[in-house]
Amino acid sequence: MSLLNELLQTLLLTMRDVVPIAVILFGFQLGVLKRPIANWRKVLLGFVYVIIGLSFFLVGLEMALFPLGQSMATQLTSVSFLHPNDLAAPFIWQDYIWVYIFAAAIGFSTTIAEPSLIAVAIKASEVSGGTISIQGLRMSVAFGVAIGIALGCFRIVVGSPIHYYIMAGYVVVVIQTFYAPKMIIPLAYDSGGVTTSTVTVPLVAALGLGLATNVEGRNPLIDGFGLIAFASLFPIITVMGYAQIVEFLSNRKSLKEHQDAL
């Protein structure tokens, strides 16, 4: 009964959030554009599916992903795991190597499964006529998130201020912007946003909070949050880097073909 009540409550909250969006869309379509809604039965059915799907997803987050992320952080930072042979030994940042590996793996896998990234990659490939590879874009964004989450966990462990990392990262972004292919720059900037979506955020947030709670001297409120900023920043770098590598290889291939022709 508790699960049913939680599901019903989540369903009502989801309706409260989704219905205003539907009202705005239908209002502009009928009131401003003054055009009928094509296949309105399918559109309404789609909104019903969205509400039901989001409700089940949110309940699943609370029951599975959040507890799982916190549980993994707790186990990976336990004294018995880090120092099984010497429980009194002091901790150094190298002791948390499995935390960094797990953070990178979870960041990569959740980003690959991110529905919003898949949709953006497909559209980008269609618009560019296949110039932008779907898998190439997804992999480059996923690698960026993996690097960012691992670095964010390292920051939590050592306790250094987050703004130093963010400022250094955006310096790299600004420099890359001048040299990256022009067509990839807007897409690279958008790639940072699509990572902060339904699958990645819950696990990453749970990991950060669990890690900050279990690392001695860390404040969950100050140190536990901020991983999402890393997950949004580093994909910009890796996507532009991916485009620069592809452009370099393409130019190199063209130059070689030109030399062979001569």
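Structure summary
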item	result
Count - residues of the stretch 81-122 that are open to solvent by 60 Å² or more (accessible area, probe 1.4 Å) and modelled with pLDDT under 85	12
Single unsatisfied condition, Gly208 versus (1) surrounded by fewer than 21 Cβ atoms within 10 Å (Cβ to Cβ); (2) at pLDDT 80 or above; (3) over 18 Å from Arg138 (Cα atoms); (4) not hydrophobic (A, V, I, L, M, F, W, C)	(1)
Residues of the stretch 135-166 classified as outside any helix (DSSP H, G or I) and either in contact (Cβ under 8 Å) with a residue 60 or more places away in the chain or under 14 Å from Ala105 (Cα atoms) (or both), total	1
Count - residues of the stretch 34-62 that are of a type in the set (A, V, I, L, M, F, W, C) and either touching a Cys at 6+ places or on another chain (Cβ under 7 Å) or free of Cβ contacts under 8 Å to residues at least 24 places away in the same chain (or both)	7
Candidates Phe28, Phe47, Phe56 - the one that is open to solvent by less than 50 Å² (accessible area, probe 1.4 Å), at pLDDT 80 or above, over 30 Å from Thr238 (Cα atoms) and among the aromatic types (Phe, Trp, Tyr)	Phe47
Residue selected from the stretch 217-243 under the condition outside any helix (DSSP H, G or I), touching a residue at least 24 places away in the same chain (Cβ under 8 Å) and open to solvent by 30 Å² or more (accessible area, probe 1.4 Å), by the criterion nearest to Gly192 (Cα to Cα)	Arg218
Odd one out for Thr131 among (1) modelled with pLDDT under 85; (2) part of a helix (DSSP H, G or I)	(2)
Filter result for Ile184 (assigned to a helix (DSSP H, G or I), out of contact with any Pro (no Cβ under 7 Å at 6 or more places or on another chain) and in contact (Cβ under 8 Å) with a residue 60 or more places away in the chain)	no
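The values are calculated or read from the model by the stated rules, or taken from the named source; none is laboratory data. Predicted, not measured: the structure shown is a model, and the values here were computed from it. Positions of Cβ are backbone-derived with ideal geometry, glycine not excepted, and every protein chain shown enters the neighbour counts. Ligands, DNA and RNA are excluded from the accessible area calculation, which covers all protein heavy atoms including side chains. Shrake-Rupley method; radii C 1.70, N 1.55, O 1.52, S 1.80 Å.
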